[in-house]
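Below is one structure; the comments refer to it alone.
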Amino acid sequence: MQLIKSQEELQGFLDDLRSRQATLGFVPTMGALHQGHVSLVQRALQENDACIASIYVNPAQFNDPKDFECYPRQEGSDIHTLAQASCTAVFLPEYSTIYPKGNTASTEVHYEVAQGLEGKHRPGHFSGVVAVVRRFFELIAPDRAYFGLKDYQQYLVIRAMAAELNMGIDIVGCETVRDPDGLAMSSRNQLLREQDRTTALHISATLREVKAAYSKGERKGLAALGRKLLQGCNGLDLEYFEVLDAKSLRPMEHSAEAQKDEVVALVAARVGGIRLIDNMRLC
Ligand code: AMP
């Protein structure tokens with residue numbers, strides 16, 4: 001696996017691929033890699049001749065400086081994980097490559113799908129995400145880019161950005177990988193103490209319960225059911241639980257185009273001070 005740190009090294013890698021007319025899949029990450037990230041690399045390798053993953057903890061998307069400081073960093077073992085997954089190259093850029101103008105000031109993200117949920121609870125978060133992914137797209141210009149549906153709203157925001165930029169990059173959404181007990185894999189899980197991890201299981205359990213209620217025909221009380229279950233959970237601070245149209249993230253009753261096969265439940269909660277998100281398609 002090729003280790004790429006500078007823009008010059010990246011250019012050499014890309015020139016070589018292009019001279020061979022090889023297709024390239026791109027997997028952006030913030031490191032602390034787990035099977036969820038590996039599944040994106042595997043999918044990229046299935047659908048392209050080569051895969052480049054990036055590891056960059058993007059300061060601009062952290063609205064909470066403490067969260068940025070505490071975010072797990074483990075470059076050595078991440079490189080090993082990617083090599084084991086047969087990833088073609090890993091890009092470890094410097095701050096100055098991503099932000100050549102030396103600042104992280106970013107513009108408002110105006111996409112409708114960016115307004116609620118994470119957009120509301122983490123002001124500035126999507127500006128940072130859009131800034132970094134856009135820069136990566138400019139630098140790498142992959143054929144396809146792979147994103148986890150675990151960050152469902154982020155996936156929709158990136159799709160909106162890609163459609164607007166019209167760079168010819170396919171945005172591919174990949175299913176959430178979970179631990180056997182149901183917890184959605186996340187780099188932040190390693191910050192959870194043992195008892196917090198047990199508490200965190202209520203998040204996926206609640207999503208499954210809400211999905212079961214949907215399957216039995218329940219429609220109106222789904223978000224209330226999710227909130228009730230999680231608000232009654234010791235050690236868990238619920239930020240939001242919403243049931244929305246899966247394409248527009250509009251409330252179901254306001255969404256003319258909402259189909260019964262396009263409903264998603266989305267949740268954010270803090271457990272032991274660690275912020276976790278998860279979601280599930282209800283059908
Ligand atoms: P992150 O390193 O958290 O920024 O995540 C990098 C990419 O991996 C994003 O597209 C995430 O949505 C995706 N990802 C994170 N966790 C999972 C998971 N459990 N299953 C699938 N994809 C994931």
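Miscellaneous remarks
- Spherically averaged projected area of segment 1-80 from its Cα convex hull (nm²): 6.1
- Normalised by the number of residues in the chain, the mean separation of alpha-carbon contacts (under 8 Å, six or more apart) gives a relative contact order of 17 percent.
- The spread of Cα positions in segment 2-174, taken along each principal axis and listed from longest to shortest, comes to 43, 34, 33 Å.
- Per-residue accessible area (protein heavy atoms, 1.4 Å probe) orders Asp78, Asp170, Asp181 as Asp170, Asp181, Asp78, starting from the largest.
- Evaluating 6.51 cos²θ - 1.76 cosθ + 1.60 at θ = phi - 60° for every residue in segment 136-141, the Karplus couplings come out as 4, 4, 5, 6, 9, 6 Hz, glycine and proline recorded as x.
- Charge context of Gln7, other residues only, Cβ under 13 angstrom, K/R +1, D/E -1: -3
- Karplus-derived 3J(HN,Hα), 6.51/-1.76/1.60, for each residue of segment 216-224, Hz, glycine and proline x: 7, x, 5, 10, 7, x, 5, 5, 4
- Relative to the longest principal axis of the Cα atoms of the chain, the long axis of helix 75-84 makes an angle of roughly 80 degrees.
- Here r is the Cβ-Cβ distance between Lys5 and Lys216 and R0 is 35 Å; the resulting FRET efficiency, rounded to 0.05, is 0.05.
- Relative contact order of segment 47-179, defined on C-alpha pairs under 8 angstrom at six or more residues apart (%): 25
- Given charges at beta-carbon only (K, R positive; D, E negative), |dipole| of segment 50-144 in Debye: 80
- Cβ-Cβ FRET estimate between Gln195 and Glu47, R0 fixed at 35 Å, reported to 0.05: 0.30
- Three principal axis extents of segment 187-281 based on alpha-carbon atoms, in descending order, are 43, 23, 16 Å.
- Tail beyond 16 Å, pair distance distribution of segment 66-107 (Cα, percent): 59
- Take every Cα pair under 8 Å whose residues are at least 6 apart in sequence, average their separation, divide by the length of segment 187-281, and the relative contact order is 30 percent.
- Point-charge dipole on Cβ atoms (K/R +1, D/E -1) for the chain, about Cα centre, debye to 20: 660
- Annotation: extensible slack from Phe68 through Gln21 equals 13.1 nm (criterion: 0.36 nm per residue apart, minus Cα-Cα distance).
- Cα long-axis angle, helix 7-19 against the chain (0 to 90 degrees, to the nearest 10): 80
- Separation between Cα centres of segment 1-70 and segment 108-144, rounded to whole Å: 16
The values are calculated or read from the model by the stated rules, or taken from the named source; none is laboratory data. Since the model is a prediction, treat every value here as computed from it, not as a measurement. No Cβ is skipped: glycine too gets one built from the backbone with ideal geometry, and neighbour counts run over all protein chains shown. Side chains are part of the model used for accessible areas, which takes the heavy atoms of the whole protein and leaves out ligands, DNA and RNA. Shrake-Rupley method; radii C 1.70, N 1.55, O 1.52, S 1.80 Å.
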